[in-house]
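Following: one structure in structure tokens, then a few remarks.
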Amino acid sequence: MTRVLVVGCGAIGSLMAGHLARTGECEVWGYDVALPHVEAIARDGLVVEGARAGGAGAFTARFEIRADPAELPAVDLALVATKSEFTAAAVGAVAHAVRDAAVATVQNGVGNEEEVARIARRVIRGSTLLAGSLPAPGHVRLDAGGETWLGPFEPLPARGDEVVLLAGLLEGGGLRAHALADARPPQWTKLLFNAATNAVGALTGLTIGQVGTAPELRELVAGLLAEGRAVAAALGIELEEQPEDLIDDAVARAYRHRASMLQDVDRRRRTEVDVLNGGIASFGRRAGVPTPLNDAIVGLVRGLERSWDDPAPAA
């Protein structure tokens with residue numbers, strides 16, 4: 001039986017681990033450093049909530065999970081779902097388990113595959129539009145059941161059958177997943193969607209629905225999308241979907257969803273702005289495409305983060 005490891009069991013990792021586990025077609029392991037969450041899952045299983053969770057409402061999934069990476073066995077496939085800032089540390093911690101595995105990243109932003117490739121010999125480029133949250137240890141809530149796309153990472157590609165196998169296992173668990181020859185178009189479509197909405201929500205405290213229906217903010221979103229689209233075009237990436245359509249769909253289906261960057265701001269945690277808006281700006285510089293709005297967003301979010309550790313002195 002195929003052994004799959006989910007590295008990082010936050011909302012997205014937990015959703016994927018839970019759906020994989022309920023197929024009965026693979027042996028699922030999880031790794032996370034949040035002890036209360038790990039202990040709750042190990043003791044009681046993972047409760048997956050949400051009316052669209054696999055189309056069947058709530059369920060409880062049971063799988064092996066560890067907070068000590070030394071206790072993890074070697075696996076055949078792995079999914080990395082940590083925050084981007086933890087990619088190198090997390091993959092390094094589980095190196096012994098994934099060195100001979102095909103390792104997929106389903107994280108936000110760009111640049112994670114390169115970090116995974118420092119450890120793994122075969123890498124799968126991935127992106128997902130799943131959205132979720134962790135209401136309590138051992139519980140994950142599906143806020144939006146979007147699709148997942150998987151394909152080879154060109155410098156260190158996994159075998160085609162491994163990409164198909166992983167997509168099939170996710171499908172078997174009730175998630176919509178696709179194996180592609182080129183996964184860059186959906187990855188960049190999601191990147192543009194996230195970069196245009198996440199940071200605006202984080203800076204304003206508004207949900208995806210509120211951002212998407214405020215005319216003055218939608219104008220800013222449109223400007224951010226235009227910059228990202230220009231960078232993608234310069235890189236030879238043709239988007240298969242329009243990010244605007246994803247925004248409209250998110251507004252309709254998940255109006256009250258607080259995007260991941262806003263959840264980070266709520267908890268005063270470092271955000272992923274560097275791999276979202278910062279990623280677009282970085283690739284823009286390489287391609288000679290100016291990205292002033294994305295540069296401004298990066299500066300504003302970094303300033304917000306700085307205010308938590310270095311607050312303005314009282315008058």
Meets criteria (within 26 Å of Gln263 (Cα to Cα), crowded, with 24+ Cβ neighbours inside 10 Å, within 14 Å of the chain's Cα centre (by Cα) and not polar (S, T, N, Q)) for Val116: no
Residue among Gly168, Gly145 that alone is touching a strand residue (DSSP E or B) at 6+ places or on another chain (Cβ under 9 Å) and farther than 19 Å from Ala11 by Cβ: Gly168
Options Val301, Val251, Val231, Val289; residue that is touching a residue at least 40 places away in the same chain (Cβ under 8 Å), part of a helix (DSSP H, G or I), β-branched (Val, Ile, Thr) and surrounded by fewer than 21 Cβ atoms within 10 Å (Cβ to Cβ): Val251
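Residue by residue, here is whether (1) at pLDDT below 95; (2) over 30 Å from Ala196 (Cβ atoms) holds:
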{"position": "Arg43", "(1), (2)": "no, yes"}
{"position": "Arg52", "(1), (2)": "yes, no"}
{"position": "Ala56", "(1), (2)": "yes, yes"}
{"position": "Phe63", "(1), (2)": "no, yes"}
{"position": "Ala74", "(1), (2)": "no, yes"}
{"position": "Glu85", "(1), (2)": "yes, no"}
{"position": "Val94", "(1), (2)": "no, yes"}
{"position": "Leu129", "(1), (2)": "yes, no"}
{"position": "Ala144", "(1), (2)": "yes, no"}
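Residue-wise test of (1) farther than 23 Å from Thr291 by Cβ; (2) among the small types (Gly, Ala, Ser); (3) free of Cβ contacts under 8 Å to residues at least 24 places away in the same chain.
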{"residue": "Gly173", "(1), (2), (3)": "yes, yes, no"}
{"residue": "Ala179", "(1), (2), (3)": "yes, yes, no"}
{"residue": "Asp182", "(1), (2), (3)": "yes, no, no"}
{"residue": "Pro185", "(1), (2), (3)": "no, no, no"}
{"residue": "Leu191", "(1), (2), (3)": "no, no, no"}
{"residue": "Ala196", "(1), (2), (3)": "no, yes, no"}
{"residue": "Leu203", "(1), (2), (3)": "no, no, no"}
{"residue": "Gly212", "(1), (2), (3)": "no, yes, no"}
{"residue": "Arg218", "(1), (2), (3)": "no, no, yes"}
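Residues are listed down the side, and each one gets a yes or a no for (1) surrounded by 23 or more Cβ atoms within 10 Å (Cβ to Cβ); (2) touching a His at 6+ places or on another chain (Cβ under 8 Å):
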position	(1), (2)
Gly138	no, yes
Leu150	yes, yes
Glu162	no, no
Ala202	yes, no
Leu217	no, no
Suppose we keep only residues that are in contact with a Ser or Thr (Cβ under 7 Å, 6 or more places away or on another chain), within 13 Å of Thr189 (Cα to Cα) and among the β-branched types (Val, Ile, Thr) within segment 210-255. Which one would you say is modelled with the lowest pLDDT? Ile247
From the list Asp76, Asp68, which one is among the acidic types (Asp, Glu), in contact (Cβ under 8 Å) with a residue 60 or more places away in the chain and not assigned by TED's automatic domain parsing to the domain that holds Ala281? Asp76
Can you tell me which condition Ser282 does not meet? The list is (1) hydroxyl-bearing (Ser, Thr, Tyr); (2) buried (at least 23 other Cβ atoms within 10 Å of the Cβ); (3) assigned to a helix (DSSP H, G or I), and all the others hold. (2)
Tell me, which helices (runs of 4 or more DSSP H) wholly within segment 134-218 include 1 or more residues that are within 24 Å of Asp32 (Cα to Cα), of a type in the set (A, V, I, L, M, F, W, C) and in contact with an Asp or Glu (Cβ under 8 Å, 6 or more places away or on another chain)? 160-172
Go through the residues of segment 12-32 one by one and say whether even a single one is of a type in the set (A, V, I, L, M, F, W, C) and part of a loop (DSSP other than H, G, I, E, B). no
How many residues of segment 98-115 are among the hydrophobic types (A, V, I, L, M, F, W, C), closer than 20 Å to Asp161 by Cα and not in a strand (DSSP E or B)? The answer is 3
Does Leu142 satisfy being under 15 Å from the mean Cα position of the chain (by Cα), surrounded by fewer than 19 Cβ atoms within 10 Å (Cβ to Cβ) and not assigned by TED's automatic domain parsing to the domain that holds Gly284? no
Residues located in segment 258-279, provided they are closer than 19 Å to Ser127 by Cβ and not in a helix (DSSP H, G or I): Ala259, Thr271, Glu272, Val273, Asp274, Val275, Leu276
Residues being touching a His at 6+ places or on another chain (Cβ under 9 Å), buried (at least 18 other Cβ atoms within 10 Å of the Cβ) and not in a loop (DSSP other than H, G, I, E, B): count how many of those fall in segment 64-95. 1
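The values are calculated or read from the model by the stated rules, or taken from the named source; none is laboratory data. Remember, it's a predicted structure, so these values are computed and weren't measured experimentally. Cβ atoms come from the backbone with ideal geometry, glycine included; neighbour counts cover every protein chain shown.
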